Amino acid sequence: MFHHMKQEVAVEREESARPMRGWLWCATTLIAVLVFGITLFPSHDAFGVLYVLVIVLAADRATMRMLQMIGAACVVLECAAFSIVHHGGSFDGAYARLALSITATIVVTILTIRNKRARDDLARHARALTHADRIATLGHLALSIAHEVNQPLSAMTTLAFSGGRWLDRTRPDLDEALSCFRQIEANGRRAADIVGHVRELTRKAPVARCPLDLRRIVEDTIALLQSETTARRVVVQKIFQNDLPMIHADRIEIQQVVVNLMMNAVQALEPVAGRRRTITVSLRADRSRPGAIEMEIRDTGPGFSQPDPNALFEPFVTTRPDGMGMGLAICRNIVRSHGGAITAANGTPSGAVITVRLPAAHATAAAAA
């Protein structure tokens, strides 16, 4: 337990301490040298206030300790330039200009550090909220998980009994016994994969993003929810376009989005009576946004009662009496963090439609470059 807590703290520190890129270091150093050179002219010593640009430029990537060191270095450079320019001469109003520059540098450094600390705290709280939503989602999936794990375990028990009977014959049938043992191994791996998948969903620490097949993620999620949809007599239809590009994403976060949207659709179909309960999941290339994939989840429920369905993505907005109103808000934050967009609308003639657009892996790489 303590080991996992240390890992999470380490990951959070790594996130808040993203390494500065080479070009950013060069730009920061160049501006500092340029300002230092300008302040070496007696008539330009007031330009020391421009050191705040150095701090602002380094604020996004530098750690708080590094920002303190950069701020201190800027103050040292200001004092050094002042000493060089006014050595042995009269100071007149130079002290006032020096005090103004140093004060501006210190104040901007303090404000930048406070702003960075506030952003890091906000990011930590967002991760904690997302983690809590995953745990709540797992509570809804308990029946499906038990069903999925029970299947391979039951098969392993049956196969072990069969393998023992093949070996217990007067003439043991080794081929049949080996076949049973191979199937036991396969089912054991399947059960281990299910348990590992559930363990990943409960992880609080983020996972490195990598190229992923969105189609595979959606199929795995539908399989995970199969017991839930079967128990509620919901039919899930899949319409997948072939040859879709990969996405560059965190698998657990994207699956959390799919699980939340699917569960919302299943729950929206509860009051439906007298017509077929259907959820249609579509994957296709986004025509309105080249280089993106569009995932659409459509149900045959009553649809959204609000005039603006997209208001449901705001925190604490829900249509269910027992809902917290955080699931769709978390989905929107996850999708946006991946460079995508999510929208909601009422279907025709009825039902709700949620559309998620995610950039393809090659589009993400091009944007990063």
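The values are calculated or read from the model by the stated rules, or taken from the named source; none is laboratory data. Owing to the predicted nature of the structure, the values given are computational and were not obtained by experimental measurement. Virtual Cβ from ideal backbone geometry, glycine too; neighbours counted across all protein chains shown.
Observations
- Inclusion of ARG277 among residues that are in contact (Cβ under 8 Å) with a residue 24 or more places away in the chain, assigned by TED's automatic domain parsing to the domain that holds LEU358 and over 21 Å from PRO349 (Cβ atoms) is not warranted.
- Where a residue in segment 283-312 is at positive phi and not assigned by TED's automatic domain parsing to the domain that holds THR355 and its partner, wherever it lies, is part of a loop (DSSP other than H, G, I, E, B) and aliphatic (A, V, I, L, M), with Cβ under 6 Å and at least six apart: none
- Elements of the type helices (runs of 4 or more DSSP H) sitting completely within segment 163-249 and holding at least 2 residues that are at pLDDT 90 or above: these cover 214-224.
- Test: residue in segment 243-259 that is among the basic types (Lys, Arg) and touching a helix residue (DSSP H, G or I) at 6+ places or on another chain (Cβ under 9 Å): yes
- Of all the listed residues (LEU111, LEU153), the sole one being in a helix (DSSP H, G or I) and at pLDDT below 85 is LEU153.
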